[in-house]
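J.: Dropping the structure in here first, questions after.
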Amino acid sequence: MHRRKFIKQSIILGGGLLALPVFSSAKTNSKFKGTTIIIGAGAAGLYAGKRLQESNHSVQILEASAGIGGRLKKLEGFMDYPIDLGAQWIHGQHALTKKLAEDKGITPVKEEFKFRHVWYKEKMKPRVPLRFSEFYLSLHMGKSKKFPDISLKDYAMQEGHESTLNLVEAIASETGTSANRLSAHYYVKELKNWDSGNKDYYLENTYFDLINEYWAKPLKPHIQLNTVVTRIDYSQSKIKVFDKNGKSYEADKVIIAVPITILQKGMIEFHPKLPTLQTEAFNKIKMDAGIKLYLKFKQRFFEGSIMGTSKVPYYIDIDKNKTHKDQVLISLIMGEQAEYISSIGELQATEEILEELTTLFGPVVRENFNGAYFQNWTNEPFIQGAYSYQGIGVGDARTIASRPVNQQLFFAGEAFNLNGNYQTVHGAAETGLEAVQAILSQK
Ligand SMILES: Cc1cc2nc3c(=O)[nH]c(=O)nc-3n(C[C@H](O)[C@H](O)[C@H](O)COP(=O)(O)OP(=O)(O)OC[C@H]3O[C@@H](n4cnc5c(N)ncnc54)[C@H](O)[C@@H]3O)c2cc1C
């Protein structure tokens, strides 16, 4: 299975899943003695910083926002336990973050995403219909079949799956977009690269805590917050990085670990300009609007996750519901649905969502409703979206976009992952490691 695993576990599987190799990190042979600036203190930037620090190299991290973590963010006080507003699950038993947790004596707990309430043909079913399972498996097992570079929605219709389009929408949503924007061809192509394993885990504390404790804290003296980088001048061998207040910083190498949206919007100016091929490649990698929604209830009216709804494509019933008082349904709302929810506002969105759930489950929904929390990632000024996905015509954009420039500038972050592990924390970290390896192998 692939990077987001929510639906997979509810699919009727004919056999074993793909055998997935472990991500291996090549040993670095450090010849480099210079200085490095990292822009962005998300998973990619922090892991790059950690690896440079471990090899006794000089590193400085410039972070635009007031805190570390980027798309890892923690909220206390809404539930009776701290929650992750961004990344929450370790996707894959081979993920380097699973190893990190285990090395620190933390045991990641296996999560099951069982969809027990599936809205299909105007009725609630206890599982996904066989027809949808077949479609899902045809994509995920790939076979030798050729998938056209058309939207997943058009492809599903072409294959006669009109009746399950609401469920197809859930596939697209777990992939960060809507079914009419995801390329059937490139989605399937990238699934084959996923090498992190097919199990999912949650942490007793948050994912944010894991990264903060073991990557960010040791780097604290080297991280400068509230520093918005606006310009990089790499016309000389010493690179000059400028922040929005005009202050400059100097280094031999720069790792740019900001979301792809920041580069697409030209929020960092490069001198000389980056190669046109590279900036074109940035623009081909798509990243849509994204909202993580927590709906809190006093008591459960659901026994398992929910799929096929129209306001949001699915809700996840998490294992922590079994051990905590507050009951929660989590939804990852992406693409067009996220845009719609942003346009109507949280109050109206909550009303529409509760209305739909009431139609499916009855008055018990409103009787037990105890609050909603929307984390709208599109509104975060230095993120501006959810995560990258395979849009129509993406081609080899990730490969071109991730090329170092002049052996001075190195790009990192989930969107630059070429191991098929984009859209994840560990995938972002892998790109940080690769940038460090490339730097350390230089003189
Ligand atoms: C709702 C949601 C749920 C997710 N769930 C999961 C999950 O369960 N499991 C999983 O593995 N992954 C999940 N992900 C994906 C995961 O969070 C990301 O892939 C990963 O955190 C990205 O890390 P990054 O370092 O590439 O980028 P980011 O975390 O975005 O870090 C980039 C940093 O750059 C900073 N920055 C931007 N511009 C500038 C500038 N001009 N100057 C200085 N700094 C700048 C930003 O402030 C930010 O801190 C989820 C993402 C979202 C949005």
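J.: Please work out how much accessible surface M79 shows to a 1.4 Å probe, ignoring ligands, DNA and RNA, in Å² rounded to 10.
T.: 10 Å²
J.: Helix-only estimate, please: 222 nm mean residue ellipticity of the chain, summing -39500 (n - 2.57) across DSSP H runs of length 4 or more and dividing by its residues, to the nearest 500.
T.: -8000 deg cm²/dmol
J.: At q = 0.06, 0.09 Å⁻¹, work out log10 I(q)/I(0) for the chain with the Debye formula, treating every Cα as an identical point scatterer and leaving solvent out; two decimals please.
T.: -0.25, -0.56
J.: What accessible surface, in Å², does a 1.4 Å probe find on R116, ignoring ligands, DNA and RNA and rounding to the nearest 10?
T.: Accessible area, nearest 10 Å²: 120 Å².
J.: Given the pairs K104/K292; K74/K114; K99/K443; K74/K217; K73/K253, which are separated by over 22 angstrom at their Cα positions? Spell out each step's value before the answer.
T.: Numbers: K104/K292 28 Å; K74/K114 25 Å; K99/K443 31 Å; K74/K217 16 Å; K73/K253 28 Å.
Pairs exceeding the cut-off: K104/K292; K74/K114; K99/K443; K73/K253.
J.: Projected onto the charge dipole of the chain (+1 at Lys/Arg Cβ, -1 at Asp/Glu Cβ, origin at the Cα centre), which of H140, A412, S235 gives the Cα projection farthest towards the positive end?
T.: Selected residue: S235.
J.: While we're here: I want the local charge near K217. Using Cβ-Cβ distances under 11 Å, sum +1 for each Lys or Arg and -1 for each Asp or Glu among the other residues.
T.: Neighbour charge sum, excluding K217 itself: 0.
J.: Roughly what % of DSSP beta bridges within the chain run antiparallel, to the nearest 5?
T.: 65 percent
J.: On to the next question. At a Cα cut-off below 19 Å, give the aspartates and glutamates reachable from K145, other chains included and same-chain residues fewer than 8 away excluded.
T.: Partners found: E134, D154, E159, E190.
J.: Ok, one more. Relative contact order, percent, of segment 44-113 when contacts are C-alpha pairs under 8 Å separated by at least 6 residues?
T.: Details: 36 pairs, mean separation 10.2, N = 70.
For segment 44-113, the relative contact order is 15 percent.
J.: For K286, enumerate residues with amide H under 5 Å from its amide H, sequence gap 5+ or separate chain, H modeled in the peptide plane.
T.: The answer is Y389, G391.
J.: Here's something else I'd like to know. Can you list residues whose amide H is under 5 Å from N180's amide H, if they're 5+ apart or on another chain and H is modeled 1.01 Å from N?
T.: Placed amide hydrogens put K153 under 5 Å from N180.
J.: Oh, and also: For a quick protection proxy, order the peptides 272-285, 211-224 by their average other-Cβ count within 10 Å, most packed first.
T.: Highest to lowest by the protection proxy: 211-224, 272-285.
J.: To continue, here is another question. Among N421, N166, N321, which one shows the highest mean-square fluctuation when the chain is modelled as a Gaussian network with alpha-carbon springs under 10 Å?
T.: Largest GNM mean-square fluctuation: N321.
J.: Which length gain, in nm to one decimal place, applies between D103 and K244 when the Cα-Cα distance is subtracted from 0.36 nm times their residue separation?
T.: Net length gain for the segment: 46.8 nm.
J.: Here's a follow-up. Once Lys and Arg get +1 and Asp and Glu get -1 on their Cβ, which of P313, W119, L100 lies farthest toward the positive end of the dipole of the chain?
T.: Checked the options; the winner is L100.
J.: With charges only on Cβ, +1 for K and R and -1 for D and E, what is the dipole size of the chain about its Cα centre, in debye, rounded to 20?
T.: In debye, rounded to 20, the chain gives about 1080.
J.: Hand me the GluC sites (Glu not before Pro) from segment 60-109 located in a DSSP loop with no more than 11 other Cβ atoms within 10 Å, in residue order please. Show your work: numbers first, answer last.
T.: Details: sites: E63, E76, E102; in loops: E63, E76.
Qualifying residues, ordered by number: E76.
The values are calculated or read from the model by the stated rules, or taken from the named source; none is laboratory data. What you see is a predicted model; the values in this text were computed from it and never measured. Cβ atoms come from the backbone with ideal geometry, glycine included; neighbour counts cover every protein chain shown. The area values use the complete protein model at the heavy-atom level, side chains included, leaving out ligands, DNA and RNA. Shrake-Rupley method; radii C 1.70, N 1.55, O 1.52, S 1.80 Å.
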